[in-house]
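Where a number appears in this text, it was derived from the coordinates with a stated rule and is not lab data. Quick caveat: nothing in here was measured; it's all calculated off a predicted structure. Neighbour counts run over all protein chains shown; Cβ positions are idealised from the backbone, glycine included.
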Amino acid sequence: MTESKNQMRFNGSIWCNLDIALRNLDQVYSQVVEPLGLTVIEWYILRSLYESDGQHASELARAVGRAATSFTPILDKLQNKDMIERRPDSSDRRAVRIYLTKKGNNHREEVLESAEQIDARIRKTVSNGDFKGFQNVISNLQTMATD
């Protein structure tokens with residue numbers, strides 16, 4: 001027996017089905033992002049810096065959904081690609097701020113265009129009437145851990 005396209009797996013388990021959906025979306029992201037010479041997490045970081053350059057490393061980690069404790073190697077890779085630079089925070093010696101380099105800024109258009117491509121693919125899978133509700137669910141899920 002084949003499952004219909006809209007049927008939930010594992011007796012409707014939200015977590016299992018969400019995990020499968022995220023793994024499938026990760027493949028879509030990778031197809032669009034990897035040709036840019038970036039990993040998906042690096043792409044997220046650049047997008048966050050395009051919105052607000054000069055964030056504290058800990059703020060940036062939170063913005064992209066990563067633990068600050070495991071964030072340093074990711075930043076190291078972006079710095080080795082000459083996309084970002086770390087600068088000490090002038091008001092807090094212990095803190096570091098992350099800034100885009102010229103090369104990082106030069107990738108802005110292609111990164112933002114790739115984001116539009118991905119969003120368009122996702123919008124195609126959700127009917128217009130359901131899209132606002134879909135966005136609300138995602139927003140709520142993003143803040144679950146902080147409740």
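A simple spin-label model places pseudo-atoms 7 Å from Cα toward Cβ; at Ser13 and Asp130 they are separated by 2.2 nm. The phi-based Karplus calculation (6.51 cos²θ - 1.76 cosθ + 1.60; θ = phi - 60°) puts the 3J(HN,Hα) values of the range 81-98 at 7, 6, 9, 9, 9, 9, 9, x, 7, 5, 9, 8, 4, 7, 8, 10, 10, 10 Hz, whole numbers, x for Gly and Pro.
Net charge of the neighbourhood of Asp82, taken over other residues with C-beta under 13 Å away and scored Lys/Arg +1, Asp/Glu -1, is +2.
Computed about its Cα centre, the charge dipole of the range 8-147 is approximately 160 debye, with only Lys, Arg, Asp and Glu carrying charge at their Cβ.
For Ala95, the residues whose amide H sits under 5 Å from its own are Asp89, ignoring neighbours fewer than 5 places away on the same chain, with H placed 1.01 Å from N. Given Cα positions, please report Rg to Rh for the chain, the hydrodynamic radius being the Kirkwood one. Value, to two decimals: 1.03. Among Ile122, Ile98, Ile14, Ile74, the order by Cβ neighbours within 10 angstrom, fewest to most, reads Ile14, Ile122, Ile74, Ile98.
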